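Visitor: Got a structure for you, questions after.
Taken together, the values in this text are just the output of simple stated rules run on the coordinates, not laboratory data. Just so you know, these numbers come straight off a predicted model, no measurement behind them. Please note: Cβ atoms are built from the backbone with ideal geometry, for glycine as well, and neighbour counts cover all protein chains shown.
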Amino acid sequence: MSAIQDILDMIRVKPGSKFRLKDHDPAWAGDQDVSKKERKAVAEKLLSEDVTSLAKAQDLLYASDTHAILLVFQGMDAAGKDSTIAHVMSGVNPQGCQVFSFKQPSAEELDHDFLWRCSKALPEQRRIGIFNRYYYEEVLVVKVHPELLAKQHLPSVKPNKEFWQTRYEDINNFERHLTRNATVILKFFLNVSKEEQARRFLERFNDPTKHWKFSGSDMQERGFWDAYQDAYEECIGATSTKWAPWYVIPADRKWVARAMIAKIITSTIEGLDLHYPEVTPEKVKQIAEAKKKLEGEK
């Protein structure tokens with residue numbers, strides 16, 4: 001267990017530290033002295049165990065009605081966000097979980113501040129909310145394509161260092177407000193290499209059943225790879241806080257990413273010291289009477 005914790009501590013971005021993406025290997029796969037087959041088997045076993053544990057933890061989270069969980073997933077195209085969410089949350093009761101994948105903002109949303117539409121989608125207490133991208137796109141996609149700022153109707157906007165710093169501050173303050181009001185935030189950057197992204201794109205191109213996943217913008221955005229890496233590096237370094245940490249997940253091997261994320265979510269919920277609601281003496285009496293009545297029907 002301590003070895004696993006050491007790994008999780010390694011991928012968690014420490015607040016205030018100098019963050020460099022090059023220090024995080026997208027292809028990390030554990031102990032190289034152990035065969036890939038064995039490492040994959042261990043990772044899949046851990047994932048299975050944590051999916052089961054997560055289901056139990058979610059049940060307790062829902063019953064306690066004291067906290068909400070917000071999971072934020074970011075990553076380049078083909079990093080595996082959708083499949084990771086599907087696998088990690090496979091054992092969770094849908095009643096206690098909600099997933100939002102935000103599209104390009106509407107005209108109404110552009111007339112509000114950049115955090116407005118995500119505020120409406122936040123999970124209430126007892127639920128797990130998942131943001132498959134969103135407000136971080138405002139310091140990633142918009143930073144790489146600053147011309148998008150023109151659509152936000154902001155007066156005299158200059159996309160300089162000071163502007164982006166204010167957005168990082170807004171995000172940090174927003175997340176601080178949420179955590180002070182019992183929302184636990186975990187942020188995952190699925191760190192995929194450019195080579196692995198190309199392999200996954202080609203896999204889609206060669207499989208007709210996956211052609212629907214392709215968008216013309218995928219290859220266009222790949223051309224901005226270096227700019228996105230710089231944007232992610234600065235964003236993660238500026239917004240990984242004690243109350244809302246970033247985890248840089250090695251995503252070239254999906255089985256590694258899934259096992260890590262499942263462990264982080266499960267251990268975080270288990271660390272909240274949640275309890276099932278106490279049953280009143282009156283309800284205990286009602287249960288006893290109902291039990292006696294049902295047993296008498298046999």
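Visitor: In segment 70-171, how does Rg compare with the Kirkwood Rh, expressed as the Rg/Rh ratio over alpha carbon atoms?
Guide: Here Rg/Rh amounts to 1.01.
Visitor: Which aspartates and glutamates have a Cα less than 12 Å from the Cα of Lys120, not counting those fewer than 8 places away in the same chain?
Guide: Glu109
Visitor: Another question about this same structure. Can you classify segment 196-266 as rounded, prolate or oblate using the Cα gyration tensor, where a ≥ b ≥ c are the square roots of its eigenvalues, rounded means a/c under 1.5, and otherwise it's prolate if a/b beats b/c and oblate if not?
Guide: oblate
Visitor: Regarding the chain, what are the three Cα extents along the principal axes, ordered largest first, in Å?
Guide: Principal-axis extents of the chain (Cα, largest first): 73, 54, 43 Å.
Visitor: Can you list the trypsin sites (Lys or Arg not before Pro) in segment 225-296 that are in a DSSP coil and have 16 or fewer other beta carbons within 10 angstrom?
Guide: Sites meeting the loop and neighbour criteria: Lys242.
Visitor: I've got another one for you. Given DSSP loops and a limit of at most 12 other Cβ atoms within 10 Å, what is the longest stretch of the chain that contains no such GluC sites (Glu not before Pro)?
Guide: Formally, the longest exposed-site-free interval is 125-277.
Visitor: Shape call for segment 117-196 from the C-alpha gyration tensor, a ≥ b ≥ c root eigenvalues: rounded (a/c under 1.5), prolate (a/b greater than b/c) or oblate?
Guide: oblate
Visitor: In the chain, which helices (entire DSSP H runs) extend 18 Å or more along their own long axis, judged by Cα positions, while averaging at least 0.0 on the Kyte-Doolittle scale?
Guide: The answer, listed by residue number, is 254-270.
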